[in-house]
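Working notes, beginning with the structure itself.
Throughout, read-outs are computed from the coordinates displayed, never taken from laboratory work. Since the model is a prediction, treat every value here as computed from it, not as a measurement. Note that we place each Cβ from the backbone using ideal geometry, even for glycine, and neighbour counts take in every protein chain shown.
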Amino acid sequence: MADDIITMLTTDHRELRRLFDMMTEDRSSRPLALPLAVAMLEAHSEAEEEQVYPALAREAGQKKEAEHAAEEHHEAENLGKHLLEMDWESKEFDRALERWTSAVVHHVEEEENDILPALSEALDPDRLQEMGMAFAQRRSQALAGEHLKAGSTGGGTSGQQEHGGETRAELYEKARDLGIEGRSSMKKEELAEEVHRAEGDNG
């Protein structure tokens, strides 16, 4: 099906590769292509970590793979944000761009060779389509900047409200620093709750 999670992820991967090739081959494209690629990767990663990796860990039994993939996401996001602060015509930018694209392409290849086949084998077509729709909705919210508001509305816990202005990636970093286990399979609200609890215990 055209809108299942496998198709959506691979389509995003192809678009990222296209932007990478554009920036490598044509320097003049960088001022427009770079912010687009960074924003797209961040939205893709956030949606994937919320809607795909929990299923990968719980339903496909690939917890370690989900953890590893999330770590690669955050490394790639940091490299991309660093590029936004650099002179896109410099040699330093060329080297940093190569490191970033290599990191993302490595992650994409691992995902397409290992993670996506595991999902396809473990989940039925209806579940894959359901995940695709949830992924697309979350990615759109992230691209629109609504991830800054997610978790801050409604009657959530005090932990959710306190961390409502943070992205899932930021909460994940805190969870990693606090040694919270199972963080790769948690949604944003669960991460906020666990971080709040751990910070309270440490305080």
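The table below lists the values:
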| read-out | value |
| --- | --- |
| Most fluctuating residue given options Lys91, Lys81, Lys64, as computed from a GNM of the chain linking Cα atoms under 10 Å | Lys91 |
| Most mobile of Gly179, Gly61, Gly132 in a GNM of the chain (Cα contacts under 10 Å) | Gly179 |
| For region 1-21 versus region 51-94, the gap between their alpha-carbon centres in whole angstrom | 16 |
| Among 170-177, 41-48, 12-19, the order from most to least packed when residues are scored by Cβ within 10 Å on average | 41-48, 170-177, 12-19 |
| Net charge dipole size for the chain [Lys, Arg +1 and Asp, Glu -1 on Cβ; Debye, nearest 20] | 340 |
| Number of Lys pairs (Cα under 16 Å; 8 or more positions apart or on different chains) in the chain | 5 |
| Value of Rg/Rh across the chain [Cα atoms, Kirkwood radius] | 0.98 |
| Normalised contact order of the chain, rounded percent, pairs of Cα under 8 Å and 6 or more residues apart | 29 |
| Size of charge dipole - region 13-63 - debye, nearest 20, with Cβ of Lys, Arg +1 and Asp, Glu -1, no other charges | 160 |
| Difference of contour (0.36 nm per residue) and Cα-Cα distance, His68 to Ala144 | 24.6 nm |
